[in-house]
Amino acid sequence: MTSPCVNPKPKQGALRPAHLVIAGLAALMVTGDHAAAAKNNRTEIPVEFIQSRAAGEPIMAIVSLRDQRITVYDAAGWILKAPVSSGQKGRETPAGIFSVIQKEEEHYSNLYDDAFMPHMQRITWSGIALHGGPLPGYPASHGCIRLPYDFAARLFDLTRMGMRVIVAPTEVAPTEIVHPALFAPKPVDATLAAARTAEADEAAKKAAQARLIAVTATREAATATKTARVAENLKLGAEVQLAAAEKALASANSPEQKERAEAARATAAAKVEELQAQWAAAEAELQAKVDSVASAREAAVTTEAARVAAADAARELTRSLQPISVFISRKTQRLYVRRGFQPVLETPVTIQDPERPIGTHVFTAMERINGDSAMRWSVVSLNSGRPHGEVADARTREGEPTAKEPGDAKSALDRIVIPQDALARLAETASPRSSLIISDEALSSETGKGTDFVVLLSGEPQGGIATRRARPAGQVWYGYERPRYRLPFWR
């Protein structure tokens, strides 16, 4: 009998298949656990939505940090509600006023372990965004606003760039407001807009045709140049032969030599005359082609200038019909205007009793009424300075948003005196989705190239922004860029 201690290798070899089987079962169990966890993370969370009417275009989304809920509104009221998971302690999602500045359906985080962030809608260039993600039932993100996966996909398809996103410490809702200081609607001239677009399209077609004609004329001129050069070279060769024949004739001694030389000279002379005529015709054709090129290029330049002018006119008209955003800061005593994420105007304003807080209010033009002669406005008023320690305890609180009385918002409008020249520029500039923001705060440094106004409530935690690296205004934060070498999310 052999002791197992004498030669243990055969024993280990015999056990190796069993070890592999056990390891394989363990791997399957781990894989199953991960799959189950992923399935649980992507479990559909109930989403409330109105089915009694067709939802219009979303105008704003309001996120309640206390209730961990997002509510999306169109001109007629709320259309979608869903739970969210905002930033955890130390990385809190900042309360304030934002807008959608970038959309990406498949998105990954380079900072947080290549985390999959589907249906991402960015609201700051420093990396705060709405996106699909797991919802544990309490604030758990690094500053972003996680949405149920199916809801994130649904919302992504509904929204467009520039949609207002309000992150509020508590639950708030828009309420209607009427005030003479709110902008009058700009008349819509759909016929003029269509005419400008048609003019731009026609100018583009003419410019394309002119470019094609110029290219064709240039090609034909190149061919004519080659033909003329060939004809010239043949003529020069015939002239050389004629000169040789004349020299032979001059040196001929006998009548027979003179006769042959005379015949050769006559043939060479006829050839020179023929090639001279061909060369003259080629030169005339070349000149015509050159003149055609000059004319075609001039026409191309003219039509291109007309195309640019028509395109600029159509673009400017389209831009003038875009909604505007106006921000008035009590802290800086200034008024700012943006349209299409671009600055339009900045001017001082007078705020009566400037030492007294005015609050933060977001006025939004919801829709045209009375045959497009008036605009229906709503307002959302935000309370700043509330402690955030109660978020976890209040996250299960139910109930509808509390629509605050617009009295404070009207008082805020009453206290603002805008210079007449600025009023003249703002007059009749409003269109649906235009907005007026009044706040005690100054503009956030997040406001920059490619953004609407970003206003942060100074009395609220801002860990989700404070922990992110500084970067030039408008530059995409690398934490939201997916490197090319990344593997697909289903790896």
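The values are calculated or read from the model by the stated rules, or taken from the named source; none is laboratory data. On a predicted model such as this, the values are computed, not experimentally measured, just so you know. We place every Cβ from the backbone using ideal geometry, glycine too, and count neighbours over all the protein chains shown. Please note that ligands, DNA and RNA were not included when accessible areas were found on the heavy atoms of the full protein model with its side chains. Shrake-Rupley method; radii C 1.70, N 1.55, O 1.52, S 1.80 Å.
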Counted residues in segment 248-276 being without any contact (Cβ under 8 Å) to a residue 40 or more places away in the chain and open to solvent by less than 60 Å² (accessible area, probe 1.4 Å) come to 12
So for segment 291-306 (the condition being open to solvent by 70 Å² or more (accessible area, probe 1.4 Å), within 30 Å of Ala214 (Cβ to Cβ), touching a helix residue (DSSP H, G or I) at 6+ places or on another chain (Cβ under 6 Å) and at pLDDT 90 or above), does at least one residue qualify? yes
So Gln287, is it surrounded by 13 or more Cβ atoms within 10 Å (Cβ to Cβ) and in contact (Cβ under 8 Å) with a residue 60 or more places away in the chain: no
Filtering segment 46-65 for residues that are at pLDDT 95 or above and surrounded by fewer than 21 Cβ atoms within 10 Å (Cβ to Cβ) leaves a count of 0
Quick check: is even one residue across segment 117-139 more than 30 Å from Ile369 (Cα to Cα), in contact with a helix residue (DSSP H, G or I) (Cβ under 9 Å, 6 or more places away or on another chain), at pLDDT below 90 and part of a strand (DSSP E or B)? no
Does segment 144-152 include one or more residues that are under 15 Å from Gly463 (Cα atoms), assigned to a strand (DSSP E or B) and touching a strand residue (DSSP E or B) at 6+ places or on another chain (Cβ under 9 Å)? yes
Among all residue pairs at least 6 apart or on different chains, which show Cβ distances below 7 Å where the first residue, located in segment 349-372, is at pLDDT below 90 and of a type in the set (D, E, K, R) and the second is in a strand (DSSP E or B) and buried (at least 19 other Cβ atoms within 10 Å of the Cβ)? Arg368/Pro185; Arg368/Met375; Asp372/Pro185
Counting only residues in segment 361-383 that are small (Gly, Ala, Ser) and open to solvent by 10 Å² or more (accessible area, probe 1.4 Å), the one nearest to Leu457 (Cα to Cα) is identified as Ser381
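Can you pull out the strands (runs of 3 or more DSSP E) entirely within segment 330-381 that have at least 2 residues that are out of contact with any Lys or Arg (no Cβ under 6 Å at 6 or more places or on another chain) and within 17 Å of Tyr73 (Cβ to Cβ)?
360-369
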In segment 168-185, is there at least one residue being modelled with pLDDT under 90, among the hydrophobic types (A, V, I, L, M, F, W, C), over 24 Å from Leu335 (Cβ atoms) and out of contact with any helix residue (DSSP H, G or I) (no Cβ under 8 Å at 6 or more places or on another chain)? no
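Give the residue, chosen from Thr267, Thr216, Thr225, that is under 39 Å from the mean Cα position of the chain (by Cα) and part of a helix (DSSP H, G or I).
Exactly one of Thr267, Thr216, Thr225 is under 39 Å from the mean Cα position of the chain (by Cα) and part of a helix (DSSP H, G or I), namely Thr216.
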